[in-house]
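> I am attaching a structure below and will ask some questions about it afterwards.
The values are calculated or read from the model by the stated rules, or taken from the named source; none is laboratory data. From a predicted model like this one, the values you see are computed outputs, not experimental measurements. Glycine gets a Cβ as well: all are built from the backbone with ideal geometry, and neighbour counts include every protein chain shown.
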Amino acid sequence: MATYHLRVKNDTQPSGKKISAKSHADYIFREDGKSHADYINREGAQNDRTDCVFKGSQLPKWAKGSAQKFFSAATRYESKGNRRYKEIELSLPNELTLEQNREIVDKFIADHLSNHYYAYAIHEKAGELSGERHPHVHIMFSERLIDDVEKKCERPAYRYFRRAARPLKGEQVASFERCREHGAPKAPKWHDKKYLCEMRADFARIQNEVLAKNGFSIRVDHRSLKAQQSEAEEHGNDFLAKVYKRMPESYIGIISAHEEDGLAKDVKRFRENVQGRQHSLFQDDVKKKTAAEEETKFLVREAEQAWFFLSNSPAYKSANMEDETLNGLNQGILSGLARIQKQKRKIVGFLGAREQARKEYLSATDYKFLQDYENKMRQCEDLERLSKELIPPTGKYLEDTQAFQTVMRGIEKKVCDLRSFLAQSNSQYWAIQGKLEEPYRRKNVELVMHRLLQSDIDVLRELKKTSTAVLKNIDALKAKIEVKEIPKTMFTAREVRNHLFEQYRSLKKQREAAIDTCNRLMLKRIFPSEAMSIAKNFFVLDGFKKLRTEQEEYEKALAKYERETSENRERELLFSHRKWNNRAEMFQAQYYLTKTKINLEETGRRLSEIKIRLENESTRLGNLCKTKEAQEKIALLTASILHKNLKIVLEYEEAKKRVGDLYEKLQEAKKRFNAFDEGYRSLKQNRVYRVIQPESNSTKTSALKENELVAIIADALLGEPYAVQLVARFGDNNLEMEKDWEMMSELDKDELINRKMVREL
């Protein structure tokens, strides 16, 4: 909350002694070398004080624009006991310029003093206690109105300050002539406390309108701290409620502030404690809001990922979404996700709030410098990280290695330049940061940030609610479209063989798909030399691309020209060896040969000109790229292209590794199937097998996947000792009885091992 101060003062000291209107006007309007120190010390030691930055008035003609003359007349002609003047002292926002503060003063005067004679002075000086800029205005005015008589014909000074005319007996209003002979009436509103409260509220409104008009989000409030605390508690704003929960600051006069007596020191300590407490409360509030924001963002990501996996699942693609229930759930999810995207854009966040607050409380030059400095700092950090992340080429192509080295040199040069700029600008950067840490600025920056972050609370609450509803609908839709299959745990030898074959086919398809992915990524991968060519073309605004297009057209035209020239030579040779019986036919053929030769010569000259032009253009573009500035920019562009392509390079390496892993699994699956298929006929194909452990309810066995169970049974039937110990067979016909399942005996194990040895022999 910005500082609010409105004080109405009379012409009487607390002791009851009348203050000289002229002396007070001299002090306010800094006339005759009078300064604030003169007023305090009653001496003229500081006559060069220039804290009065603007004066304005509405005075009668006889005052000749002099407030001193007007208020001297008030002192002289006002009746004894009457107030000679009243003064309104207003504090103005130090965020605003003089012109903007004048707008506040003009609006206030237009609303409350337009029918009074007044004079005002805007003072701008450093606060006695805070040392910060403290613009304020003193308005001296007469309680007497500018009535209709005064508007038509101004009264002289001795008459204006007389007692106002009263209606005679039988009159409702005093006559114009009698009013003219008497003084102007006094406005009764200055004795009405209700009007003073309305004036305080109106001054707050005017300030807030002008602040909003000039792009400031800070606001003033004329109410008491207790009233503001109650409102904050009502709206659930714990931070502001705690900020306002304090004792109001004691008023300190200018003399006490100047002399720094005990009261001034107490007020100074009180302000420091209030500012420190607010800063501590703000930091705690930011931590809570940041934690709530991260929690909500995590929930949003969870909802978006859950939808991604569900929408790409085979069960969702094969589901009948025309069904009323499924369609309702699906539409609920889609509309919820749309609301999430819309709400996410409304979040300001800590960084956005900080930027807006800094922009309000820094000059345009300082804010631009701060942004430029921080951008260069981030750019330096990004380039340093980029130099560590870029993968050097491992191929045998020398041009790729040279291009990569050029890029790294360009990055190092740019990082060096950025560090030099940051070192030179470091003092200016911290000076601006020091401005933001000034008590008044820091307080208001924190309040602006709090207001913006507080507006995020409703958005985060709605996001959390929407994300929870989306997750609930996803779970409901998943439960309806996914049929949970009971895992198969018992297999015959025939089923084991079929499973092994399907595993082999599945791995083969996966490997083929992985090879296709690897080839696709390999085509998208950009090598350093290619990246540098792209960067050069980008630097010269597609000049190389246009040149390549023209060169291709030139090469096509040249090939056509050479073909037509060769064909024309053959026709000339045939013409010279042919015996012509008809001279007219010979001349006609000779004419066409000559015409074709002339056209070819013209085409040859034109192609030669195009060749020279293309060579000159190539040289020009090459020279553009050879300058020092161009090489730095091209190196950075190349680094950026390689960094963007880094994801594809890593995906390619991962895909290549997957191809290798799938190849090993495929060979293992092929070997296992061939070995099982070789001895398949010697097995009892309808005998049922299952993987068990001594405890039938083992969680380890039940957690195994179907493919893993089949592999263990296959290994057991192939005589692998580790697998034989885990596989049991069913002896009788009652499949429901667990006791009918028996572990293979030692004789069975020996038989299987012997079969394996025979097959190997």
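> Does region 165-180 contain at least one residue that is in contact with a helix residue (DSSP H, G or I) (Cβ under 7 Å, 6 or more places away or on another chain), among the charged types (D, E, K, R), surrounded by 14 or more Cβ atoms within 10 Å (Cβ to Cβ) and modelled with pLDDT under 90?
Of all residues in region 165-180, those in contact with a helix residue (DSSP H, G or I) (Cβ under 7 Å, 6 or more places away or on another chain) come to 165, 176, 179-180.
Okay, now just the ones that are also among the charged types (D, E, K, R), so 180.
From what's left, surrounded by 14 or more Cβ atoms within 10 Å (Cβ to Cβ): 180.
Going one step further and asking which of them are modelled with pLDDT under 90, we end up with 180.
Looking for residues that are in contact with a helix residue (DSSP H, G or I) (Cβ under 7 Å, 6 or more places away or on another chain), among the charged types (D, E, K, R), surrounded by 14 or more Cβ atoms within 10 Å (Cβ to Cβ) and modelled with pLDDT under 90, one finds at least one in region 165-180, hence yes.
> Could you tell me which residue of region 660-691 is surrounded by the fewest Cβ atoms within 10 Å (Cβ to Cβ), considering only residues that are touching a Ser or Thr at 6+ places or on another chain (Cβ under 7 Å) and over 15 Å from A711 (Cβ atoms)? Break it down stepwise before answering.
Going through region 660-691, the residues touching a Ser or Thr at 6+ places or on another chain (Cβ under 7 Å) turn out to be 685-688, 690-691.
Pick out the ones that are also over 15 Å from A711 (Cβ atoms) and you get 685-688.
Details: Q685: 12, N686: 9, R687: 14, V688: 16.
If we take residues in region 660-691 being touching a Ser or Thr at 6+ places or on another chain (Cβ under 7 Å) and over 15 Å from A711 (Cβ atoms), then N686 is surrounded by the fewest Cβ atoms within 10 Å (Cβ to Cβ).
> When you go through A110, A119 one by one, which is the residue that is touching a helix residue (DSSP H, G or I) at 6+ places or on another chain (Cβ under 9 Å) and not in a loop (DSSP other than H, G, I, E, B)?
Numbers: A110 fails: touching a helix residue (DSSP H, G or I) at 6+ places or on another chain (Cβ under 9 Å).
Only one candidate passes the filter, namely A119.
> While we're here: Would you pick out the residues in region 514-548 that are among the aliphatic types (A, V, I, L, M), surrounded by 15 or more Cβ atoms within 10 Å (Cβ to Cβ) and part of a loop (DSSP other than H, G, I, E, B)? Spell out the reasoning first.
Filtering region 514-548 down to residues among the aliphatic types (A, V, I, L, M) leaves 514-515, 521-523, 526, 531-532, 534-535, 540-541, 547.
Now restrict to residues that are surrounded by 15 or more Cβ atoms within 10 Å (Cβ to Cβ): 514-515, 521, 526, 531-532, 534-535, 540, 547.
If the condition is that a residue be among the aliphatic types (A, V, I, L, M), surrounded by 15 or more Cβ atoms within 10 Å (Cβ to Cβ) and part of a loop (DSSP other than H, G, I, E, B), then I526, V540 are the ones that fit.
> Here are some residues: H138, H134. Which one is at pLDDT 85 or above, of a type outside the set (V, I, T) and either under 60 Å from the mean Cα position of the chain (by Cα) or not assigned by TED's automatic domain parsing to the domain that holds S20 (or both)?
Values: H134 fails: at pLDDT 85 or above.
After ruling out the rest, the residue left standing is H138.
> Could you identify the single residue in V459, V496 that is in a helix (DSSP H, G or I) and in the same structural domain as E304 (by TED's automatic domain parsing)? Explain how you work it out, then say what you get.
Working: V496 fails: in the same structural domain as E304 (by TED's automatic domain parsing).
Result: V459 is the single residue among V459, V496 that is in a helix (DSSP H, G or I) and in the same structural domain as E304 (by TED's automatic domain parsing).
> Only one of (1) assigned to a helix (DSSP H, G or I); (2) loosely packed, with under 15 Cβ neighbours inside 10 Å fails for K289. Which number is that?
Tallying (1) assigned to a helix (DSSP H, G or I); (2) loosely packed, with under 15 Cβ neighbours inside 10 Å, K289 fails exactly one: (2).
> Within region 186-218, work out how many residues are over 19 Å from A110 (Cβ atoms) and crowded, with 18+ Cβ neighbours inside 10 Å.
Residues in region 186-218 being over 19 Å from A110 (Cβ atoms) and crowded, with 18+ Cβ neighbours inside 10 Å: 2 in total.
> May I ask you to say which residue of N82, N94 is of a type in the set (S, T, N, Q), closer than 30 Å to A364 by Cβ and either assigned to a loop (DSSP other than H, G, I, E, B) or not assigned by TED's automatic domain parsing to the domain that holds G56 (or both)? First the steps, then the outcome.
Numbers: N82 fails: closer than 30 Å to A364 by Cβ.
After ruling out the rest, the residue left standing is N94.
> Would you please name the residue that is nearest to Q343 (Cα to Cα), looking only at residues in region 430-441 that are of a type in the set (A, V, I, L, M, F, W, C) and either surrounded by 15 or more Cβ atoms within 10 Å (Cβ to Cβ) or in contact (Cβ under 8 Å) with a residue 60 or more places away in the chain (or both)? Please lay out each step first, then the result.
So the first thing to find is which residues in region 430-441 are of a type in the set (A, V, I, L, M, F, W, C), and the list is 430-432, 436.
Subsequent filtering for residues that are either surrounded by 15 or more Cβ atoms within 10 Å (Cβ to Cβ) or in contact (Cβ under 8 Å) with a residue 60 or more places away in the chain (or both) retains 432, 436.
Numbers: I432: 34, L436: 31 Å.
Going through the qualifying residues, I end up with L436.
> Among the candidates S455, S427, S467, which residue alone is crowded, with 17+ Cβ neighbours inside 10 Å and modelled with pLDDT of 85 or more? Write out each step before concluding.
Values: S455 fails: crowded, with 17+ Cβ neighbours inside 10 Å; S427 fails: crowded, with 17+ Cβ neighbours inside 10 Å.
Only one candidate qualifies: S467.
> Residue check: is A639 small (G, A, S), part of a helix (DSSP H, G or I), closer than 30 Å to R525 by Cβ and not assigned by TED's automatic domain parsing to the domain that holds P393? Reasoning before the result, please.
On the way: small (G, A, S): yes; part of a helix (DSSP H, G or I): yes; closer than 30 Å to R525 by Cβ: yes; not assigned by TED's automatic domain parsing to the domain that holds P393: yes.
It is true that A639 is small (G, A, S), part of a helix (DSSP H, G or I), closer than 30 Å to R525 by Cβ and not assigned by TED's automatic domain parsing to the domain that holds P393.
> Now a separate question. Between a first residue in region 271-288 that is modelled with pLDDT of 85 or more and a second residue that is in a helix (DSSP H, G or I) and not aliphatic (A, V, I, L, M), which pairs have beta carbons less than 6 Å apart while being 6 or more apart in sequence or on different chains?
L281/F239; L281/K242; F282/E446; D285/F239
> Also: If we keep just the residues of region 358-376 that are among the hydrophobic types (A, V, I, L, M, F, W, C) and at pLDDT 90 or above, which is surrounded by the fewest Cβ atoms within 10 Å (Cβ to Cβ)? It would help to see each step written out before you state the result.
From region 358-376, those among the hydrophobic types (A, V, I, L, M, F, W, C) are 362, 364, 369-370; that's our starting set.
From the residues that got through so far, the ones that are at pLDDT 90 or above too are 369-370.
Working: F369: 17, L370: 20.
Among them, the one singled out is F369.
> Determine if region 610-624 includes at least one residue that is under 38 Å from the mean Cα position of the chain (by Cα) and closer than 18 Å to F544 by Cα.
Applying the first criterion (under 38 Å from the mean Cα position of the chain (by Cα)) to region 610-624 yields 624.
Filter once more, so that each one left must be closer than 18 Å to F544 by Cα: 624.
Yes: one or more hits.
> Also: I'd like the residue in region 377-394 that is part of a loop (DSSP other than H, G, I, E, B) and in contact (Cβ under 8 Å) with a residue 12 or more places away in the chain and, out of all such residues, is surrounded by the fewest Cβ atoms within 10 Å (Cβ to Cβ).
P392
> To continue, here is another question. Just for region 47-63: of the residues that are more than 18 Å from Y85 (Cβ to Cβ) and either charged (D, E, K, R) or part of a loop (DSSP other than H, G, I, E, B) (or both), which one is modelled with the highest pLDDT?
Checked region 47-63; the qualifying residue modelled with the highest pLDDT is K61.
> Given the criteria surrounded by 21 or more Cβ atoms within 10 Å (Cβ to Cβ), modelled with pLDDT under 90 and in a helix (DSSP H, G or I), does N444 qualify? Lay out the reasoning, then the answer.
On the way: surrounded by 21 or more Cβ atoms within 10 Å (Cβ to Cβ): yes; modelled with pLDDT under 90: yes; in a helix (DSSP H, G or I): yes.
Yes; evaluated as a whole, the condition is true for this residue.
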